[in-house]
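This report refers to the structure that appears directly beneath it.
The values are calculated or read from the model by the stated rules, or taken from the named source; none is laboratory data. Because the structure is predicted, anything quoted here is derived from the model rather than measured. Cβ atoms come from the backbone with ideal geometry, glycine included; neighbour counts cover every protein chain shown.
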Amino acid sequence: MTDEKIARINALAKKAKTEGLTDEEKAEQKALREEYVAGFRKSLKAQLDNTVVLNPDGTSFKLHQKRGKS
């Protein structure tokens with residue numbers, strides 16, 4: 001996500017608090033927020049995929065995504 005898009009998210013949030021948003025601006029805000037959250041999740045998943053846990057006995061293991069009921 002670019003700095004311009006983040007600035008636009010912040011500008012829309014500020015405008016929503018002060019004077020309100022049009023339907024068009026609400027749709028833009030929603031799309032930008034969804035893009036931001038998707039990028040955040042992708043970044044966090046990549047970071048966790050590369051995380052190694054070290055045990056006190058010197059052994060280590062990589063974190064794995066928990067499989068379970070969805």
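On the basis of being among the hydrophobic types (A, V, I, L, M, F, W, C), out of contact with any strand residue (DSSP E or B) (no Cβ under 7 Å at 6 or more places or on another chain) and at pLDDT 95 or above, does Leu32 make the cut? Walk me through it before giving the result.
Values: among the hydrophobic types (A, V, I, L, M, F, W, C): yes; out of contact with any strand residue (DSSP E or B) (no Cβ under 7 Å at 6 or more places or on another chain): yes; at pLDDT 95 or above: yes.
Criteria met by Leu32.
Considering only residues that are surrounded by 10 or more Cβ atoms within 10 Å (Cβ to Cβ) and part of a loop (DSSP other than H, G, I, E, B), which ones fall in region 52-70?
Leu63
Sort through Ala27, Ala31 and tell me the only one that's surrounded by 10 or more Cβ atoms within 10 Å (Cβ to Cβ) and farther than 30 Å from Lys66 by Cα. Show your work before the answer.
Working: Ala31 fails: farther than 30 Å from Lys66 by Cα.
Going through Ala27, Ala31 in turn, the sole match is Ala27.
Looking at (1) at pLDDT below 90; (2) surrounded by 10 or more Cβ atoms within 10 Å (Cβ to Cβ), which is the only condition Ser43 fails?
Only one criterion in (1) at pLDDT below 90; (2) surrounded by 10 or more Cβ atoms within 10 Å (Cβ to Cβ) is unmet by Ser43, namely (1).
Met1 passes all but one of (1) in contact with a Phe, Trp or Tyr (Cβ under 7 Å, 6 or more places away or on another chain); (2) loosely packed, with under 13 Cβ neighbours inside 10 Å; which number fails?
The single condition Met1 does not satisfy is (2).
Check Lys17, Lys30, Lys5, Lys42 and return the single one that is in a helix (DSSP H, G or I) and over 18 Å from the mean Cα position of the chain (by Cα). Show your work before the answer.
On the way: Lys30 fails: over 18 Å from the mean Cα position of the chain (by Cα); Lys5 fails: over 18 Å from the mean Cα position of the chain (by Cα); Lys42 fails: over 18 Å from the mean Cα position of the chain (by Cα).
Exactly one of Lys17, Lys30, Lys5, Lys42 is in a helix (DSSP H, G or I) and over 18 Å from the mean Cα position of the chain (by Cα), namely Lys17.
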